[in-house]
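The values are calculated or read from the model by the stated rules, or taken from the named source; none is laboratory data. Just so it is clear, the structure is predicted and the values come from calculations on it, not from any experiment. Cβ atoms come from the backbone with ideal geometry, glycine included; neighbour counts cover every protein chain shown. The accessibility values were calculated without ligands, DNA or RNA, using every heavy atom of the protein model including side chains. Shrake-Rupley method; radii C 1.70, N 1.55, O 1.52, S 1.80 Å.
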Amino acid sequence: MRTLIKHVLARTEPTDTLTVSGWVRTRRDSKGFSFIELNDGSCLGNLQIVADAGIPGYEDISKMATGASITVTGKLIPSPAQGQDWEMQAEEIRLIGEVPEDYPLQKKGHTSEFLRSIAHLRPRTNLYGAAFRIRSRMAFAIHRFFQERDFVYVHTPIVTASDCEGAGEMFRVTTLPDSQISKDTEDFFGKRAYLTVSGQLEGETFACALSNIYTFGPTFRAENSNTSRHAAEFWMVEPEMAFCDLAGDMDCAEAMIKFLVSEALADPDLSIFEKFIDKALRARLEHVVEKPFQRITYTDAVKLLESSGKEFQYPVKYGLNLQSEHERWLTEEYFKQPTTVYNYPKEIKPFYMRLNEDGKTVTAMDLLVPGIGEIIGGSQREERYDVLLENFKHHNIDPESYAWYADLRKYGTVPHAGFGLGFERLLMFITGIQNIRDVIPFPRTPGHCEF
Ligand code: 4AD
Ligand code: MG
């Protein structure tokens, strides 16, 4: 039976014979033996193999070049080399898959742009292997956070007819031939359908039955913003809580971020990001866990920005959206800590947010983090039937299509609130990776849908 290298490296005692498999990172030949650094993707570390000439399979040693796959059987012995406890004295070494000379990952130090063009091979590098292992563990940590708090995981639809955010940034799903593309009633679903931008609306229906729920799945946005923080396909975590107001919503968002950052701090793969991406990463994340987050209303945030004396590219004015540069100034330069901005003007937010007593603002909240800006967007929802119907009018929403959504307010309505965490933005935050394309296995952005 094959043993993963992760478990081999964690051994505290020498072993009887065992078998490992993986891809050769490097090989050095000496007179009478060879050293191989073997990696199987189970952890950051390589296992050093010592193969003496003459063992079965050694005749293929010259083909065991960087990138080739091999299987080795042997015994662990204490390693004289620095930085590793064990090496494996091979008793048998078998070539599984050869690699021709054009293997693109020969050298170290490829640019992230180049590695994106070979996204099918980049998980074999140390950095991306670590990034995608962390992605896996963070996804699991999200489930743990909510499951431990009795939230029910709901699978909301990926194909939908509703535009939750009302921003018109939806990808259409159709089976109509090109010549009949606008005959909606003849389409597969008898009406226009899209890929979902958010599972929130369907999530709300389940919160209004099961109390605390969350969704975690892919979402799609056809926004043509070619930034380092936007992808056309990304994953969102969306909890929704019944009998909860904006303050409770912000508490949950902050607790979740602190939990996930603590998990990341304990992750064995974090060290590579500290080494190659951001030397101050660990200290920054520890600070996030230890210090309380900040909260400020949109109105006060605008005042702060106006009096900051800082030259921004985009204007700051009550009633305008905060741009990423504004968000980053608040969280990086002013508060120096994750910061939640809440109570935004109703004009710049979607129809479902609850109107405040002032009649001007809604119970929206955005959680901003240093280095990125918005990582979470959420709100308390409008639970008053009449007010929601008014909102439909202001936002030009057909009340017929959203009758099911309004029904929640008609039949036993409850105050409820929730938020959406951009999963990739969380990964960027905890790894320090600057481009969203580098935390998604196969990123989809304007003009790019390879693999
Ligand atoms: O602020 P947003 O648009 O909020 C919603 O979709 C709500 N329905 C969520 C809710 O209340 N249940 O998106 C939520 C988060 C953003 O804060 C951001 O982190 C991420 O999703 N996000 C994106 N991430 C990557 N690429 C994009 N194009 C993104 N758009 C939003
Ligand atoms: Mg938002």
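List the pairs whose first member sits in segment 311-332 and is over 17 Å from SER225 (Cα atoms) and open to solvent by less than 30 Å² (accessible area, probe 1.4 Å), whose second member is at pLDDT 95 or above and among the polar types (S, T, N, Q), and whose Cβ atoms are under 6 Å apart, counting only residues at least 6 apart or on separate chains?
LEU330/THR339; THR331/THR339
Residues are listed down the side, and each one gets a yes or a no for (1) in contact with a Leu (Cβ under 8 Å, 6 or more places away or on another chain); (2) near ligand 1 (Cβ under 9 Å from one of its atoms); (3) at pLDDT 95 or above:
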position	(1), (2), (3)
PRO218	no, no, yes
ARG221	no, yes, yes
THR227	no, yes, no
HIS230	no, yes, yes
GLU263	no, no, yes
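Among the residues of segment 324-342, is there at least one that is of a type in the set (A, V, I, L, M) and either at pLDDT below 95 or away from ligand 2 (no atom under 16 Å from the Cβ) (or both)?
no
When you scan segment 379-451 for helices (runs of 4 or more DSSP H) that lie fully inside it, which ones turn up with 3 or more residues that are open to solvent by less than 60 Å² (accessible area, probe 1.4 Å), within 26 Å of PHE216 (Cβ to Cβ) and within 16 Å of ligand 1 (Cβ to nearest atom)?
In segment 379-451, 423-431 are the helices (runs of 4 or more DSSP H) which contain 3 or more residues that are open to solvent by less than 60 Å² (accessible area, probe 1.4 Å), within 26 Å of PHE216 (Cβ to Cβ) and within 16 Å of ligand 1 (Cβ to nearest atom).
Residue under question is THR156, and the condition is that it be β-branched (Val, Ile, Thr), away from ligand 2 (no atom under 16 Å from the Cβ) and either open to solvent by 30 Å² or more (accessible area, probe 1.4 Å) or touching a helix residue (DSSP H, G or I) at 6+ places or on another chain (Cβ under 7 Å) (or both); does it hold?
yes
Which of the residues that make up segment 6-29 are part of a strand (DSSP E or B) and β-branched (Val, Ile, Thr)?
Of everything in segment 6-29, those that are part of a strand (DSSP E or B) and β-branched (Val, Ile, Thr) turn out to be THR19, VAL20, VAL24, THR26.
Among the residues of segment 160-174, write down those that are of a type in the set (A, V, I, L, M, F, W, C) and open to solvent by less than 60 Å² (accessible area, probe 1.4 Å).
Hits for segment 160-174 are ALA161, CYS164, ALA167, MET170, VAL173.
Which of the residues that make up segment 146-173 are out of contact with any strand residue (DSSP E or B) (no Cβ under 8 Å at 6 or more places or on another chain) and within 16 Å of ligand 1 (Cβ to nearest atom)?
Residues satisfying the conditions are PRO157, SER162, CYS164, GLU165, GLY166, ALA167, GLY168, GLU169.
Output the number of the condition that GLY371 fails; it satisfies all remaining conditions of (1) modelled with pLDDT of 95 or more; (2) assigned to a loop (DSSP other than H, G, I, E, B).
(1)
Strands (runs of 3 or more DSSP E) wholly in segment 43-143 with at least 3 residues that are open to solvent by 30 Å² or more (accessible area, probe 1.4 Å), within 24 Å of VAL8 (Cβ to Cβ) and of a type outside the set (D, E, K, R) - which ones?
Once the strands (runs of 3 or more DSSP E) in segment 43-143 are filtered for at least 3 residues that are open to solvent by 30 Å² or more (accessible area, probe 1.4 Å), within 24 Å of VAL8 (Cβ to Cβ) and of a type outside the set (D, E, K, R), what remains is 69-78, 86-97.
Since SER182 meets every condition but one in (1) more than 20 Å from ILE372 (Cβ to Cβ); (2) modelled with pLDDT under 95; (3) near ligand 1 (Cβ under 9 Å from one of its atoms), which condition does it not meet?
Looking at each condition in turn, SER182 falls short on (3).
Considering each residue of segment 351-378, count those that are open to solvent by 40 Å² or more (accessible area, probe 1.4 Å) and within 14 Å of ligand 2 (Cβ to nearest atom), and give that number.
1
Suppose we keep only residues that are among the small types (Gly, Ala, Ser), modelled with pLDDT of 95 or more and under 26 Å from PRO443 (Cβ atoms) within segment 61-117. Which one would you say is nearest to the chain's Cα centre (by Cα)?
Checked segment 61-117; the qualifying residue nearest to the chain's Cα centre (by Cα) is SER112.
If GLU347 satisfies all but one of (1) surrounded by fewer than 21 Cβ atoms within 10 Å (Cβ to Cβ); (2) of a type outside the set (Ser, Thr, Tyr); (3) within 13 Å of ligand 1 (Cβ to nearest atom), what's the number of the condition it fails?
In the conditions (1) surrounded by fewer than 21 Cβ atoms within 10 Å (Cβ to Cβ); (2) of a type outside the set (Ser, Thr, Tyr); (3) within 13 Å of ligand 1 (Cβ to nearest atom), GLU347 misses (3) alone.
Residues of segment 184-202 being over 19 Å from ALA139 (Cα atoms) and part of a helix (DSSP H, G or I), which ones?
If the condition is that a residue be over 19 Å from ALA139 (Cα atoms) and part of a helix (DSSP H, G or I), then ASP184, THR185, GLU186, LEU201, GLU202 are the ones that fit.
Taking the residues in segment 215-243 that are under 13 Å from THR196 (Cα atoms), away from ligand 2 (no atom under 15 Å from the Cβ) and not in a strand (DSSP E or B) as candidates, determine which candidate is most open to solvent (accessible area, probe 1.4 Å).
ALA222
Got a number for residues in segment 53-108 being within 15 Å of SER34 (Cβ to Cβ), touching a Lys or Arg at 6+ places or on another chain (Cβ under 7 Å) and hydroxyl-bearing (Ser, Thr, Tyr)?
Total meeting the criteria: 1.
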